[in-house]
Amino acid sequence: MSFTKTTEADSLYNHIENMSVSEVLKNINSEDKTIPQAVEKAIPEIEKLTNRIVEKLKSGGRLFYMGAGTSGRLGILDASECPPTFGVSPELVIGLIAGGDTAIRNAVEFAEDSETQGWKDLQKCHISKKDIVIGIAASGTTPYVISALEKCNENNIETGCITCNFGSPLSLTAKYPIVVLVGPEFVTGSSRMKAGTAQKLVLNMISTTTMIQLGKIKGNKMVDMQLSNNKLVDRGAKMIMKELQISEKEATQLLLKHNSVRKAIESYRNDTETY
């Protein structure tokens, strides 16, 4: 089936090698300004997929991201940030990339062309009907991703996708497709640029909204964050100070005792019988 692959369309700019540094930067920035508007148009589709993800995770399921190259790395980035930011298990949101962990840093030749490895990678994670899988591919034509989603559909595992071409094979395969039409890249075909930025924005929206719906944010604070460095310990102590109206010393002592902003606040309120 033919479709217009706008991610591969010729750049709107020419002879960019003759541009000054200032011209290149301003033109890239000019193109980047169009991305949020493209994402905004896709919010209804983002909402549908996010609602389904929340339902799945509340029922004990997991969220999988699958991609190749930049798209795969973006999925892994978003998945890896969920445990420290929201205090969830690393097994709740899982990123898979064509070529395995080696491909996170280095290109693995032809890994994205496999029509069997994607499903094998999911099976290694014991994928089930409780889970939901999102395929990420700017072009929407990556065999590794499409074939995995096809197998998911065959096995009644729900699927979504994030792509930047209307009518792509991936968007036609996923049950909950998200298409963010960003148009031609500044450098023809360099989809790590506008398309990659659009995918990152959508992933931010999906994971953050999901975690809010799962109760991982209180007010506007990351009360379940992992206290993995001094900066976060200091941030957590300030949250407790503000919430409980206590001194910094007392807040820090509470935090270090419970190793959790949420647990520190709950314990203090239980002890003072005001919770």
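Where a number appears in this text, it was derived from the coordinates with a stated rule and is not lab data. None of these values were measured; they are calculated from a predicted model. Every residue, glycine among them, receives a Cβ derived from its backbone with ideal geometry; neighbour counts consider all protein chains shown.
Seen from every direction in turn and averaged, the convex hull around the alpha carbons of region 230-271 projects onto 2.4 nm².
Could you please rank Ser59, Ser147, placing first whichever residue has the fewest other Cβ atoms within 10 Å of its Cβ? Kindly include the intermediate steps, with their values, before the conclusion.
On the way: Ser59 8, Ser147 18.
In order of increasing Cβ crowding within 10 Å: Ser59, Ser147.
Lys257: which lysines have alpha carbons under 23 Å from its alpha carbon, excluding same-chain residues fewer than 8 sequence positions away? Within reach: Lys216, Lys218, Lys221, Lys231, Lys238, Lys242, Lys249.
Straight-line reach from Lys41: taking Cα to Cα under 19 Å and skipping same-chain neighbours fewer than 8 places apart, the lysines in range are Lys5, Lys33, Lys175, Lys194, Lys200.
Using the Cβ-Cβ distance between Glu154 and Thr102 with R0 set to 22 Å, the FRET efficiency from 1/(1 + (r/R0)^6) comes to roughly 0.15.
Would you mind calculating the gained length between Lys48 and Asn230 on full extension (0.36 nm times residue separation, minus the Cα-Cα distance), in nm to one decimal? It would help to have the intermediate numbers written out before the result.
On the way: separation 182, 0.36 × 182 = 65.52 nm, distance 3.83 nm.
Result for the pair: 61.7 nm of gain on full extension.
Taking label positions 7 Å along the Cα-Cβ direction at both Asn259 and Asn29, the computed distance is 4.5 nm, reported to one decimal. A crude spin-label estimate for the pair Glu91 and Phe3, with each label 7 Å from Cα along the Cβ direction, gives 3.5 nm. The angle between the Cα long axis of helix 261-271 and the main principal axis of the chain comes to about 20°, on a 0 to 90 degree scale. Close amide H contacts of Ile178 (hydrogens built in the peptide plane, cut-off under 5 Å, sequence separation of 5 or more or a different chain): Cys161, Ile162, Thr163. Here the chain yields Rg over Rh of 1.05, to two decimals, using C-alpha coordinates and the Kirkwood radius. Packing here is the average count of other Cβ atoms within 10 Å per residue, and on that basis the peptides 28-37, 183-192, highest first, run 183-192, 28-37.
Legend: calculated FRET efficiency, Thr116 to Leu172, from the Cβ-Cβ distance at R0 = 22 Å, rounded to 0.05, equals 0.60.
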